[in-house]
Every structure is written in structure tokens, then in C-alpha cells.
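Each value in this text was obtained by applying a stated rule to the coordinates, not by laboratory testing. Quick caveat, the model's predicted, so the values are computed rather than measured. All Cβ positions, glycine included, derive from the backbone under ideal geometry; neighbour counts span all protein chains shown.
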Amino acid sequence: NETDSMPVPSTKSRWGEAPYLAVLTEPDACTSVKRVEETIRAIEQATLDGGVNLVVLRVADVSGDGIALHKWALLKSLAEMKNRQPFLLVVNDDVDIVLKALSNNIAVDGVHVKEHKAYMIPSIRRELEHVVTCSFKQSNSMHKDIIIGTSCHSLQSATRSYQLSPCGPDYLFVGTCYLTQSHPEKQSLEQLEGPSLPGRVKQELYQIYNDRISHGSDTNSQSNSKKIEPPPIIFAIGGIDKQNCHEPVATFGADGVATIRAVMHASAPRDVVQFMKRIMTKQLDG
């Protein structure tokens, strides 16, 4: 794949080695203390060997003090887990809780922004970076760059997000690749974006990147605000499991995959993660 040797986002050193694996929590993860504890156990097992690069705290948008308290407790537990088992941790569509966590020096890396809010990523990034800078100055410790991601279901959406560079997303969830409970409205293969879209997005964004470079739009004479960053990391999402995780990566060129139930419903999440990483890597090397 001609994109394999291309430059990568500046945050890539924090991601580990490709192919990447992201794990999302289930929508009901904060509905009770029991579900919080089950989620913590599953993520703890899944991340034991370093095979999970990104954890996304994504829960149903349900109001209530109980839900909020459970979500805060889960976030703190996952952040503490990062000290033992390194992975990136972002929260889905909740800038306020990320701001609160960062203000309290809780090790959250950023936020996942919904597709229709992607245009807000530059302003969200500035807001989070300001809080990080202030908080870590007060504690006299080092801080790392904010991680922001978003989703896309088309080449056009992905292109719009990338054009926010250099303040755009660090990663994209691209799908829906396969039939999934997360999108029950898509009940046939014809309604899916399919497993090839993540790879096509990656190719398109690298074409844009290369065109800009070849036309001299990223030169040393320009200010950092005009610097063109390489495309974000591309995750395939939607119905990803042990049987199909290799296809978007090895066949179509995605950087990795994102999954929910394949890991969170597994009786042995650690084994599932090991298998998925092994089969993706084997197919790429083969």
C-alpha cells in the first residue's frame, strides 16, 4: 500500500505500533454500579498486554445524577488504569467531563466529537489545551498533547474534517463497515458504507496531503498555523469482530479497527484482543 510509507500524525508516537485497536464501552456501562464494575473488569483484561491502543468511554446520553456519578467514577478508574497499562483514553461527546478531569489532573487524553460537530474541533482543542497548560503548570508536571477524534460515513465528511488541519482530528472512526447493533437502522449490506471505505478515506486524504506538499503549501517559511499535518489515523468501525477485523486493514488499507461487543462481551477479553492483533498483523505481513 503506497500510503504505508507516508508521514503520520505527530501524535503517532503515543499510539504504539499499527495495526491499531480501539475499544469502546457499551452504551449501558454507567447505568448501575454493577455495570461500571463489569466494564472496568473487561477493559482491565483487554488492556493487560498493551494490545489496546485507544479506549473510548462512550455511554448512552441519559440524564440523571446517578448516571453522572457512575460515569465520573468509571472515567477515574480508567484513568488510573492507564498508569499500569498504557493506552489512550478519550470520552465520547462530553467536553465538560474532560475539562473537569483535566482540571483535576486526571489522566484523560481527549474527546471524541460527533460527526455533525466536527467543525468545532479546533475550538474544542484550544479549550482543552488551555486547561491542560494551566493545570499542569500548577502541578509542575509535563503534559501531553490532546487527542481528538471524530466519525465519518463518507469521503466528503472525512475530507471536511481533515481540512481543519493542523487543528483537526488525530483519528477518524470510519464506517459502518458491517451489520451492527449500534446501527439497527442499517439492516442490509446495501445500507452499509462497507469495509472498503476506511481504506478509500485514507487514500483520499493522503492524496490531498501529497498534493499540498507538492504545491509547496507546507514550507518552512509558513507559520505553524498553516502547517499541513499528515492525515489522521483511520479506524474501521461497525460490526468489527474476530472473524472480519483483518479485512478493512489488510485488504483495504485502514490503520486499525474499533470494536465494542467483540471485546466487551467476551468471556476472555485479553484473548480476543491478542487474537485480533495477531490476525491483523499476520494478514498485513503475509
Whole-Hz ³J(HN,Hα) from phi, Karplus 6.51 cos²θ - 1.76 cosθ + 1.60, for segment 251-262, glycine and proline x
8, 10, x, 5, 7, x, 9, 10, 9, 10, 5, 4
Using alpha carbon centroids, what distance separates segment 232-286 and segment 100-124, in Å?
25
Got a sec? Which residues in segment 72-106 would a label at HIS116 touch, if it sits 7 Å along Cα→Cβ and we count backbone N under 20 Å?
92-96
For segment 9-153, list log₁₀ I(q)/I(0) at each q in 0.09, 0.15, 0.16, 0.19 Å⁻¹, using the Debye formula over Cα point scatterers of equal strength and ignoring solvent, two decimals each.
-0.26, -0.76, -0.87, -1.25
Cleavage-rule hits, trypsin sites (Lys or Arg not before Pro), segment 83-117, DSSP coil, Cβ neighbours within 10 Å at most 16:
ARG84, LYS114
Could you check the spin-label model distance between ALA60 and ASN244? Points 7 Å from the Cα along Cα→Cβ, value in nm.
2.4
So, counting K/R as plus one and D/E as minus one, what does the shell of residues with Cβ under 13 Å around ASP49 add up to?
+1
How high is the FRET efficiency from ASN83 to HIS215, r the C-beta distance, R0 41 Å, rounded to 0.05?
0.35
With θ set to phi - 60°, apply the Karplus curve 6.51 cos²θ - 1.76 cosθ + 1.60 along segment 118-129 and write out the HN-Hα couplings as whole Hz, x wherever there is a Gly or Pro.
4, 4, 8, 4, x, 6, 5, 4, 4, 5, 5, 5
Between ASP145 and GLU129, what is the label-point separation in nm under the 7 Å Cα-to-beta-carbon projection?
0.9
If you plug each phi of segment 99-111 into the Karplus form 6.51 cos²θ - 1.76 cosθ + 1.60 with θ = phi - 60°, what whole-Hz ³J(HN,Hα) values come out, in order, with x for Gly and Pro?
4, 4, 5, 5, 5, 9, 6, 8, 6, 9, 8, x, 9
